[in-house]
C-alpha cells in the first residue's frame, strides 16, 4: 500500500524554486541608475536563452482601489527610466490607468533567481508613438487589436472568428490603418527594485529611488 497522498502544502513546499547554481550580485559594483542594471540583467537572460525575458506582469487599480494584474510584453525601455507597453485605451488596464495612473510592473526570471519590481505612473507616450507601435506589429496582431471588445463577454467562439476575419480584411485593405484607441504607455518609474535569490535564503534586494536630480540606491532586508 502506498503512503498517504501528500497535502497541497507538502507538495508545494517540495517543488524546487531555483536551480542549484545562481548568478551572483555584487551590489558594490552596481551602476548608479536602474536602467543600466536592468539592461545588464536582461542581456544575461537573453544570452542564457531564458524564455520570454521581455514578459512582465502589470498591476493596475481602478478608482475604487480594485486591483487587477495581467502578463504582457515590455515594448521598450529608455534611459530616462520609462518602461513601455501597449494596449487599447478602452481595455481594463486602459480604463484603470485613466482613473488611476499609478501602476506596478514586475519581471521574473526563475532560472537566474531574479525579479525586478517597477513602480510609478503610466501615461500615453503620444499619438505618434502609439501609431508607430501599432504599425510595427504583424498583420495578425493588428487584426486582433482591431477586433476590440477586450474583456467583454463572448457568447460564441464563432463570433470571435467572424470578427477576426472582418478585421483581417480591413487590415489587408488598408495596411496603414491604426486602431482608434491603441495606446503606447510609458511607465515612468519612481522606484525600481532588483531581487537576487540565494539558495541559502540570503537574498539580495537593491532598491533605486528617483529624486529630483538623480537616482539613489539602498539595500533592503530580504
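Students often get this wrong: which residues of the stretch 56-86 have the backbone nitrogen under 17 Å from the point 7 angstrom along Cα-to-C-beta of residue 108?
56-60, 68-74
So, by mean Cβ neighbours within 10 angstrom, what's the order for 110-118, 126-134, 176-184, 20-28 with the highest one leading?
110-118, 176-184, 126-134, 20-28
May I ask you to derive the FRET efficiency for residue 99 and residue 10 from their Cβ-Cβ distance with R0 = 41 Å, giving the value to the nearest 0.05?
0.45
Report, in degrees rounded to the nearest 10, the 0 to 90 angle that the Cα long axis of helix 157-173 makes with the longest principal axis of the chain.
70
Can you sort 185, 108 by how many other beta carbons sit within 10 Å, fewest first?
108, 185
Determine the distance separating the Cα centre of the stretch 33-70 from the Cα centre of the stretch 199-216; give it in Å without decimals.
Using only Cα atoms, the two centres lie 16 Å from each other.
Sort 196-209, 42-55 by the packing proxy (mean of other Cβ within 10 Å over each peptide's residues), most packed first.
Answer by packing, highest mean first, reads 196-209, 42-55.
Within the stretch 181-198, whose backbone N sits under 14 Å from a point 7 Å along Cα→Cβ of residue 218?
Of the residues in the stretch 181-198, 191-193 have backbone N under 14 Å from the label point off residue 218.
Principal axis lengths of the chain from Cα atoms, whole Å, largest first?
67, 58, 40 Å, listed from the longest principal axis down.
According to the Cα gyration tensor, what semi-axes, each the square root of 5 times an eigenvalue, does the equivalent ellipsoid of the stretch 9-124 have, listed from largest to smallest in whole Å?
28, 20, 13
For the pair residue 172 and residue 200, what calculated FRET efficiency results from E = 1/(1 + (r/R0)^6), where r is the Cβ-Cβ distance and R0 = 35 Å, to the nearest 0.05?
Efficiency for this residue pair is about 0.05.
So what's the stretch 103-171 giving for Cα Rg divided by 2.2 N^0.38 Å, two decimals?
1.55
How tilted is helix 34-47 with respect to the longest principal axis of the chain? Cα atoms for both, answer in degrees (0 to 90, nearest 10).
The two axes meet at around 90 degrees.
Ranked highest first by average number of other Cβ atoms within 10 Å, how do 29-38, 66-75 line up?
Result, highest mean first: 29-38, 66-75.
Work out, step by step, the length gained on full extension between residue 54 and residue 160: first 0.36 nm times the residue separation, then minus their alpha carbon distance; give nm to one decimal.
Computed gain between residue 54 and residue 160 is 35.4 nm.
Bear in mind that the values in this text are calculations on the coordinates, not laboratory data. It should be emphasised that the depicted structure is a prediction, and the values quoted were computed from it without experimental measurement. Using ideal geometry, Cβ is built from the backbone for each residue, glycine included, and neighbour counts are taken over all protein chains shown.
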